[in-house]
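Accompanying notes for the structure given below.
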Amino acid sequence: MKTILTLLACTLTFAVLSQNEGVAINSDGSQADNSAILDLKSITGGLLIPRMNENQKNALNNPATGLLIFQTNAGSGFYYYTGSEWIVLSSEKSGWSINGNQGTNSSNDFMGTTDAQDFTLRTNNINRLRVSQKGQLEVLNTGQSVFLGQQAGELDDLSNNNNVFIGYRSGYVNLTGNNNVASGPRTLYRNETGSRNTALGAQTLYSNTSGYNNTASGYRALYFNTEGHSNVAQGYQALYRSITGNRNSSVGHQSLRNNSEGTGNTSNGFRSLYQNSTGDYNTAIGYSANSLGTDFNNSTGIGYNADNSASNSVKLGNSNVSSIGGQVGWTTLSDGRFKKNIRNDEVQGIAFIMGLRPVTYNYDVRAKEKWMQMQFGEIDTEEWEGKYDIEDIRFSGFIAQDVESLSQELGYEFSGVDAPKNSNDIYGLRYSDFVVPLVKSVQELNEVIQNQESKISALELHNDRLQLQVQSNAKELQELKRLVMTIQEK
């Protein structure tokens, strides 16, 4: 009888499988769902999956793809086999949700690996960010570039450009420009093809499109540069307005700020070469040094407010300097191999020296400041202790305009007058050049003295002859007197 019941049960089971293609295990007699091979239903129990530790799991012989087990020791949870490795099944409680997580503990919860493997992030199934097991943070793209920040390197064509753009829209427009390094919001923002540039600070090299080999550091340094190359700008708005200028070096707050096309300029100091726009090969060292000229060339200013007013000139210090010195005298180039049109009949001597008007005077520095302000507009008029002490010194010298007038009157091209080169320039005197007419005067006086000595010698000779004649006449007279006396005695 027992055998008959068993056969009946098997027959019914087979019939159920044949009809529904699934097995239902429940207490209410419902059939299996059409989509299920096995349909379990219960309100008093659950499905118990095989349990084992990690070693037992890893010791399973040739596990089938899709095999499911529950690991009981460290890293416990449900694992399924993919055909090549075991993968843990996660939930919001045990894993990280794409909708965010709560109740986390930074000491225990993390994203990453627990073995010596790299951790990667992908987009479009392509590795974009990797944290290596050595602790390296690797940003990955086909152009071998690094972009950190919202829309940094947004338009880069990723063709092995080797760029580093860090900050909001840093290198935003860059297309094929390569080997650039920019850090700060909107640095190298408009760069398209410019290469080998370095920008550090907010909006530095902002307008650069094709300029190359530029280095800028500071807020809006080299801001308007588009095509200029080989410039160095360091400081707030250094080389700010430079557009196409090349090979300029600028260090200091707003140094070379208004340069647009000038080339080969060097400035070091707060607002040094501030107004220069198109001038080339100028040098400024010091606070506001050489800061007034816009188009001078080869002009040098060294020292606080050492303002030059013409091309091809050098200024040391400002109007308040009362002493400039050194161990030895100034050497002026005077090699005959490099001189031409040499003449010795043009230098004026006594006439020039005698026409000079020596005077004593005090400098009026304030008057000069007012005049400079009228010529150049805004100038630095900052006060400090001892600024006008030079006005108390009594100087001896000449008035440049007097010397110029005398030279013109004598038809003498005297190099000692440094006449203005433009309407904004001022007069000066090169006192060392006065040595030449002084020497000429001595030579002329010496010639006069020699002529007088020759005349005196001739007069002395004539006088000696006259004295001899007088002596001879005196002897003759004595002889006559003696003869007369002899005759009278007879």
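General remarks:
- Residue in region 173-209 that is farthest from N161 (Cα to Cα), counting only those that are outside any loop (DSSP other than H, G, I, E, B) and not polar (S, T, N, Q): L200
- Members of region 140-167 that are aromatic (F, W, Y) and over 15 Å from L200 (Cβ atoms): F147
- Residue match in region 384-393 (condition: of a type outside the set (S, T, Y) and farther than 30 Å from G329 by Cβ): yes
- Meets criteria (more than 24 Å from G293 (Cα to Cα), part of a helix (DSSP H, G or I) and either more than 42 Å from the chain's Cα centre (by Cα) or at pLDDT below 90 (or both)) for E409: yes
- Breaking point among (1) without any contact (Cβ under 8 Å) to a residue 24 or more places away in the chain; (2) surrounded by fewer than 18 Cβ atoms within 10 Å (Cβ to Cβ), for N265: (2)
- Odd one out for N53, checked against (1) modelled with pLDDT of 90 or more; (2) among the polar types (S, T, N, Q); (3) closer than 30 Å to L158 by Cβ: (3)
- Checked against the criterion of being β-branched (V, I, T) and touching a strand residue (DSSP E or B) at 6+ places or on another chain (Cβ under 9 Å), region 339-354 contains not a single residue that satisfies it.
- Evaluation of I87 against (1) surrounded by fewer than 13 Cβ atoms within 10 Å (Cβ to Cβ); (2) more than 47 Å from the chain's Cα centre (by Cα); (3) assigned to a loop (DSSP other than H, G, I, E, B) (one fails), failing number: (3)
- Subset tally (residues that are hydrophobic (A, V, I, L, M, F, W, C) and in a loop (DSSP other than H, G, I, E, B)) for region 253-303: 6
- Positions within region 398-411 being out of contact with any strand residue (DSSP E or B) (no Cβ under 8 Å at 6 or more places or on another chain), touching a residue at least 12 places away in the same chain (Cβ under 8 Å) and surrounded by fewer than 17 Cβ atoms within 10 Å (Cβ to Cβ), in sequence order: Q401, D402, E409, L410
For every residue, the table says whether it meets (1) under 30 Å from G293 (Cβ atoms); (2) without any contact (Cβ under 8 Å) to a residue 24 or more places away in the chain; (3) not in a helix (DSSP H, G or I).
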residue	(1), (2), (3)
S322	yes, no, yes
T332	yes, no, yes
N344	no, yes, yes
V347	no, no, yes
Y363	yes, no, yes
D380	yes, no, yes
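- Evaluation of E385 against the conditions (1) loosely packed, with under 11 Cβ neighbours inside 10 Å; (2) within 28 Å of N290 (Cα to Cα); (3) in contact with a Lys or Arg (Cβ under 7 Å, 6 or more places away or on another chain) shows that the sole unmet condition is (3).
- Those residues of region 213-237 which are surrounded by fewer than 20 Cβ atoms within 10 Å (Cβ to Cβ), more than 14 Å from N268 (Cα to Cα) and of a type in the set (F, W, Y), in sequence order: Y219, F224
The values are calculated or read from the model by the stated rules, or taken from the named source; none is laboratory data. The shown structure was predicted, so the numbers you read here are calculated from the model rather than taken from an experiment. Every residue, glycine as well, gets a Cβ built from its backbone with ideal geometry; the counts of neighbours run over all protein chains shown.
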